[in-house]
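Okay, so here's the structure we're looking at.
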Amino acid sequence: MKKRGQVSLEFMLIFGMMLILLLYSVNNITFREGSTSTETLRIQISLEEKNLANAISNTISQVYAQGPGAKSTTYVRITYLRDPDMLLKGLGVNSPKVFITYGNYSTEGNGTYVTVVGTNVNAVLSGGDKNVFWSRAMYQAVLYTSPSVWSPSGSTTFNATTVYGLEIDPTDLPGTLEIVVEWNPDNPNSWTFDSATGELHINIKPGG
């Protein structure tokens, strides 16, 4: 039979262990700078940015490969990029906007860029602090030098160079983004996001 003092000691040990586990759990679900949950959220946002860039570039490549008159539609789920609070917690970006543009990446070719811009963030294209994601496409065009291609239009800075692209309020993005790409030779290069329909419409015009 256990003495009263032994029972109290065991109880205190068990209580102490439960308290430690509780504190650890609270720390993991609290979005603090450098915490496990903040890093996980940042990774999830990055994966969604990369997935969106891939979806756009792949759809453009399909249309480009088919030739004039071709049209293709892709649907992409959007979770983190449409939530300003998540973008603030995960990336530390105030007044976040989703920025999408298209052009060459060094000697890698041409493709889609996706990032999150704001009042206190710099675009970083490589390294551990990378926050710009790029996906190669077959269509050879540099569109980030032309503000007239984009609607709604915005601009940011990549490596001290001003680039133009789509600047979308996260709250305007739908849960499922419809990406429509076509090659209509009668129309110019254009990228238009319609918040009412949740559609990103892209027209490519090789050589024009």
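Observations, loosely collected:
- Any hit, the range 71-82, residues being more than 24 Å from residue 203 (Cβ to Cβ), open to solvent by 60 Å² or more (accessible area, probe 1.4 Å), at pLDDT below 95 and of a type outside the set (Gly, Ala, Ser): no
- Taken over the range 95-117, the criterion of being surrounded by fewer than 19 Cβ atoms within 10 Å (Cβ to Cβ) and either within 27 Å of residue 176 (Cβ to Cβ) or of a type in the set (Lys, Arg) (or both) is satisfied by 95 alone.
- If you go through the range 164-190 and keep only what is over 17 Å from the mean Cα position of the chain (by Cα) and under 19 Å from residue 98 (Cα atoms), you end up with 180, 190.
- Residues being open to solvent by 70 Å² or more (accessible area, probe 1.4 Å) and either of a type outside the set (A, V, I, L, M, F, W, C) or modelled with pLDDT of 95 or more (or both) - total across the range 83-93: 2
- Any hit, the range 56-65, residues being open to solvent by less than 80 Å² (accessible area, probe 1.4 Å), farther than 30 Å from residue 205 by Cα and either at pLDDT 60 or above or touching an Asp or Glu at 6+ places or on another chain (Cβ under 8 Å) (or both): no
- In the range 127-151, the residue that is farthest from residue 87 (Cα to Cα) out of those that are polar (S, T, N, Q) and within 15 Å of the chain's Cα centre (by Cα) is 135.
The values are calculated or read from the model by the stated rules, or taken from the named source; none is laboratory data. The model shown is predicted, which means the values in this text are computed figures rather than measured ones. Quick reminder, even Gly has a Cβ in these numbers, built from the backbone with ideal geometry, and neighbours come from all protein chains shown. Just so you know, the surface numbers come from the protein's heavy atoms only, side chains and all, with ligands and any DNA or RNA stripped out. Shrake-Rupley method; radii C 1.70, N 1.55, O 1.52, S 1.80 Å.
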